[in-house]
1. Is there a simple number for the mean count of other chain Cβ atoms within 10 Å of the Cβ of residues in A:200-206, and what is it?
2. Could you tell me how many cubic angstrom of Cα convex hull volume chain B has per residue?
3. For the ranges B:484-495, B:509-520, B:160-171, what's the packing order if you count other beta-carbon atoms within 10 Å of each residue, average per peptide, and put the highest first?
4. Using only the heavy atoms of the protein chains and a 1.4 Å probe, how would A:143, B:62 rank by accessible area, largest first?
5. Can you figure out the FRET efficiency of residue A:134 with residue A:202, using R₀ = 25 Å and their beta-carbon distance, to the nearest 0.05?
6. Nearest 0.05, what FRET efficiency do residue B:341 and residue A:35 give at R0 = 22 Å with Cβ-Cβ as r?
7. Treat every Asp and Glu Cβ in the protein assembly as shown as -1 and every Lys and Arg Cβ as +1, leave all other atoms uncharged, and give the resulting dipole magnitude about the Cα centre to the nearest 20 debye.
8. Which far-off residues, 5 or more places away or on another chain, put their amide H under 5 Å from the one on residue B:641, with H placed in the peptide plane?
Amino acid sequence: MRTAVIVFPASNCDRDAAFALEKITGIAPEMVWHRETSLPKNIDFVVLPGGFSYGDYLRSGAIAARSPIVKDIVEKAGKGLAVAGFCNGFQILTEAGLLPGALMRNKGLKYVCRPQKLRITNKTSRFTKQYGAREEVIFPIAHHDGNYFADDTTLNMLEKEGRVVFKYTGNPNGSARDIAGICNREGNVFGMMPHPERAVDALHGGTDGIDLFKSILGTL
Amino acid sequence: MAKSSSKSKASQKKLAPKMKITPEIIKEHGLSKDEYKIILDRLGREPNINELGIFSVMWSEHCSYKSSRRHLGKFLVTGEKVIQGPGENAGVIDIGDNDAIIFKMESHNHPSYIEPYQGAATGVGGIMRDVFTMGARPIALMNALRFGEPEHPKTRTLVSGVVAGIGGYGNCVGVPTVGGETNFHKGYNGNILVNAMCVGLADKNKVFYSAAKGVGNPIFYVGSKTGRDGIHGATMASAEFDDDSEDKRPTVQVGDPFTEKLLIEACLELMDTDAIIAIQDMGAAGLTSSSVEMADKGGVGITLNLDKVPQRETDMTPYEMMLSESQERMLMVIKPGKEKLALDIFQKWELDVAEIGVTTDTGRLTLKHKGKIVCDIPVAPLADDAPNLDRPFVKTPPQDVLNAEDIIETQDYNDAIKRMISCPDIASKRWIWEQYDRHVMSDTIDSSQSGGDAAIVRIHGSNKAVAITTDVTPRYCLADPYEGGKQCVAETWRNLTCVGADPIAITDCLNFGNPERPEIMGQLVGCIDGMNEACRAFDYPVVSGNVSLYNETNGQAIPPTPAVGGVGLIPDLAYFSSLEGAKKGDTLILIGETKGWLGASIYLREILRREDGAPPPVNLGLEKLNGNYVRRLIRNRRVNAVHDCSDGGLAVTAIEMALASNIGIHLKNPTHISGHAWYFGEDQARYLISVEPNSVNPVISTAQGLNIHAEIVGSVGGDMVSGDNAFDISLSQLRKLHEDWLPNLMNS
């Protein structure tokens with residue numbers, strides 16, 4: 001099992017993602033610099049971490065989505081590579097066109113950092129299988145631009161196809177239909193604003209995130 | 001500058017540009033006649049404008065500590081665990097296992113009042129650079145904020161701007177903001193205080209210093225380009241010096257956390273090699289103070305070619321470049337032969353980098369610009385001859401000691417408690433700290449979120465943690481600077497103790513009014529002396545700090561506010577505590593004696609609208625005795641929750657514990673002290689602990705054996721907060737009052 005974390009200029013949850021992956025797989029992930037043109041060989045799972053890639057200049061995630069490594073990730077995701085983006089990583093996935101919709105400024109216009117209740121709305125996805133019958137989890141959120149937006153046609157499609165994986169209980173940012181995390185049609189690309197990688201340690205942010213990683217890693 | 005440079009062309013000889021140094025210009029640079037005489041003497045000639053500017057900033061209050069230096073010299077600055085005390089970019093302490101903690105607190109008061117977002121943001125950026133300059137990865141940010149009274153027309157704008165600025169910078173750089181304190185008082189209406197603290201982690205054997213040792217070594221500039229922002233606004237009226245109005249920029253610097261993040265990563269990557277001889281961030285007085293400090297400490301001269309300085313704007317003069325306070329810039333001396341290594345790393349991180357000079361054996365700071373020497377001054381006097389004033393001071397007259405019997409007892413405890421729990425200083429600051437990323441880096445164990453006494457941040461990959469707190473009680477310092485000075489140090493020591501940490505050292509940020517007034521100087525001296533006494537009693541040295549004077553408007557000074565940042569170590573995370581863990585069936589025990597001190601208390605101010613009286617005295621011997629006992633109880637797992645008993649007294653302390661633990665409490669008064677003095681008295685050296693029934697007797701009997709005052713004051717359970725024959729309020733109602741005050745203010 002080999003995993004990778006992509007490092008963009010001013011990614012800042014790269015360490016959080018690496019901490020979580022190492023804790024769960026027992027092996028430190030490859031840290032891949034954004035200027036690389038291809039992923040290292042035999043990578044099974046890629047995480048686009050949170051942070052402020054390129055200082056959120058232009059739009060959150062917009063510049064990072066044009067990085068050389070993202071081109072390679074888009075191509076490999078098309079062939080089935082498992083990819084997750086958390087927070088800024090989710091923004092990059094939408095900017096790169098791997099996931100539909102966009103993340104706008106929070107409805108309250110302020111940065112919000114708090115433990116957040118989420119409902120698991122697709123319990124059979126590759127990222128949630130491990131949760132079993134569990135209905136709810138708490139992941140930390142920490143973002144300024146987490147207000148998920150898509151047109152009604154897209155939202156209807158996402159819901160109909162079971163691609164809305166998590167919804168907020170008590171919407172913190174104005175996201176359409178309380179959407180917190182979605183996946184692509186094939187189910188191998190997943191993005192969410194909350195931080196499951198910050199919920200893998202009882203002393204830190206709780207342990208609700210562990211099963212998310214176990215879910216996807218178990219499918220590989 | 002067009003005018004003066006054309007003039008200088010005509011009169012250029014060796015030094016250019018030539019500009020007549022008039023008494024007005026000297027005065028505008030904040031230099032006294034005596035100081036100017038010293039400059040003439042050391043140079044043996046008149047300075048040019050560049051040289052005058054350099055002397056002026058190096059001898060400014062901010063850089064030279066001229067009003068406070070002789071008093072700061074009294075502080076305890078050494079100790080078993082001190083690797084580096086004051087005098088470097090930040091203080092360094094040893095926490096074992098080859099780990100060093102590097103930390104400092106600094107003010108950014110004036111800029112934050114003028115432009116709250118950028119002022120606060122660049123305050124955070126500046127303090128982080130002080131820490132990573134020394135080789136540490138920043139792992140935590142804290143802040144201590146003071147605003148004017150809530151209803152003042154500027155307060156809400158300032159609060160929202162400052163908080164957004166702190167969050168905007170720290171969140172982007174990816175360093176958790178884990179705690180702090182926020183007060184509101186009319187004494188800060190015209191001068192808010194924004195004090196930011198950064199804590200970093202380094203390898204004890206790889207701490208970097210600023211001494212530019214060795215001659216002929218290349219000097220690198222890295223980071224943002226230099227612009228005209230932040231030039232010397234306070235001392236230089238640009239119209240006199242430059243009649244081109246376009247150059248009249250706001251003097252507040254603008255921050256770019258993106259560049260800061262890249263700088264951190266690039267510097268730490270370069271520090272992993274052996275390429276760096278010396279490194280210094282460009283903070284206050286920018287290129288001037290960084291180059292002078294490096295040269296002075298290394299005992300060398302420095303020659304800089306200003307044409308090589310990366311510039312954001314066109315036609316910048318040497319004066320502007322030397323005094324610019326553009327942010328996110330570093331200066332470093334690199335080992336010859338390692339230039340390419342350094343360049344490659346900085347280019348990887350897409351940072352501007354340039355080799356702009358060399359160290360020399362002349363002992364002089366020499367600046368070249370467009371083929372001319374524009375400054376040539378000896379380095380030593382800039383540092384050594386900086387004024388060290390002995391300003392006159394008068395001791396603050398003592399306030400009367402108030403007896404509880406002479407203070408009106410509330411006839412409605414429910415109302416009094418509701419008002420206190422929702423008063424500006426005690427109400428929840430959730431609205432503020434929810435805008436800060438508290439969890440990034442995966443090591444925040446406790447933060448503002450629990451309302452705990454100190455934040456806890458784990459040392460990555462280990463089972464130990466640092467505890468961090470910032471404290472000062474300005475109303476005590478105003479009433480009695482000496483006792484207030486003792487109290488602020490003692491409170492940090494107590495707060496670190498509350499989470500189970502061994503307190504190690506402090507940093508401080510001394511915010512005062514105009515030191516030219518003897519009564520203000522008296523406050524400064526009183527606070528320093530009191531702080532120092534506490535530091536010595538606890539063996540708790542000062543390792544870094546900052547002084548911010550002239551915090552006054554129209555002759556109205558701020559209350560004396562010596563903010564203290566304390567750092568301690570939790571050796572094993574199997575043993576720590578917070579105020580969250582009180583459980584049903586627990587007994588509440590108060591450690592430390594209550595006499596019912598109401599002078600300068602929150603009760604007096606919020607309920608009776610009085611701000612008089614002497615503050616509670618601090619018995620440092622008792623503080624140590626009681627604190628060491630509480631720490632021992634935590635490590636013996638005798639307590640479920642601990643909270644420092646301070647602002648608002650026992651009642652507020654217990655309610656904060658109840659709110660954090662989400663369970664009711666019942667208090668009783670086992671003494672003859674009248675209710676208001678018992679519940680609201682602010683006697684020092686006290687801790688409220690919540691223990692299980694089978695621990696009650698051992699905790700009390702051991703305390704008695706050690707001559708420590710310990711008494712049962714209540715129990716835990718239910719969903720009400722009540723006190724015998726006094727009050728009875730639901731926890732949910734108290735929570736609502738506690739939480740709603742700040743959002744209501746900000747949304748009004």
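The values are calculated or read from the model by the stated rules, or taken from the named source; none is laboratory data. Predicted model only: the values in this text are computed from it and were never measured. Using ideal geometry, Cβ is built from the backbone for each residue, glycine included, and neighbour counts are taken over all protein chains shown. In case anyone asks, the SASA skips ligands and DNA or RNA and just uses the protein heavy atoms, side chains included. Shrake-Rupley method; radii C 1.70, N 1.55, O 1.52, S 1.80 Å.
1. 4
2. Spelled out: Cα convex hull of chain B, divided by residues, is 142 Å³.
3. Working: B:484-495: 29.4, B:509-520: 21.4, B:160-171: 24.9.
Top to bottom by mean Cβ count within 10 Å: B:484-495, B:160-171, B:509-520.
4. Output order, biggest surface exposure first: B:62, A:143.
5. 0.90
6. 0.75
7. 1880
8. B:690
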